[in-house]
Amino acid sequence: MELMLGLVLLILIFAVVSTLLLTEKADENYGSSTKRNTTNLTLIYVVILFIALASLGIYIWRA
């Protein structure tokens, strides 16, 4: 359990640091490519939702 908590914290710290580093670089064409950005974000959310539900199912199945 402690190993899993450590992994989650490590991933969380990595995500925060990488997000902060990426926010320094602005995308000049962001406003003109709204549809593409919306599609990409939707796909990301669908994939994350699928992974989360699969993880929950595995957790319930193994418990």
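List of remarks:
- Leu41 part of a helix (DSSP H, G or I) and loosely packed, with under 10 Cβ neighbours inside 10 Å: no
- Candidate set: segment 12-34, residues that are among the polar types (S, T, N, Q) and part of a loop (DSSP other than H, G, I, E, B); chosen: the one modelled with the lowest pLDDT: Asn29
Conditions tested, residue by residue: (1) at pLDDT 90 or above; (2) surrounded by 10 or more Cβ atoms within 10 Å (Cβ to Cβ); (3) of a type outside the set (Gly, Ala, Ser); (4) in a helix (DSSP H, G or I).
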{"site": "Met4", "(1), (2), (3), (4)": "no, no, yes, yes"}
{"site": "Leu10", "(1), (2), (3), (4)": "yes, yes, yes, yes"}
{"site": "Arg36", "(1), (2), (3), (4)": "no, yes, yes, yes"}
{"site": "Val47", "(1), (2), (3), (4)": "yes, yes, yes, yes"}
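The values are calculated or read from the model by the stated rules, or taken from the named source; none is laboratory data. Remember, it's a predicted structure, so these values are computed and weren't measured experimentally. Methodologically, a virtual Cβ is constructed for each residue, glycine included, from the backbone with ideal geometry; neighbour enumeration extends over all protein chains shown.
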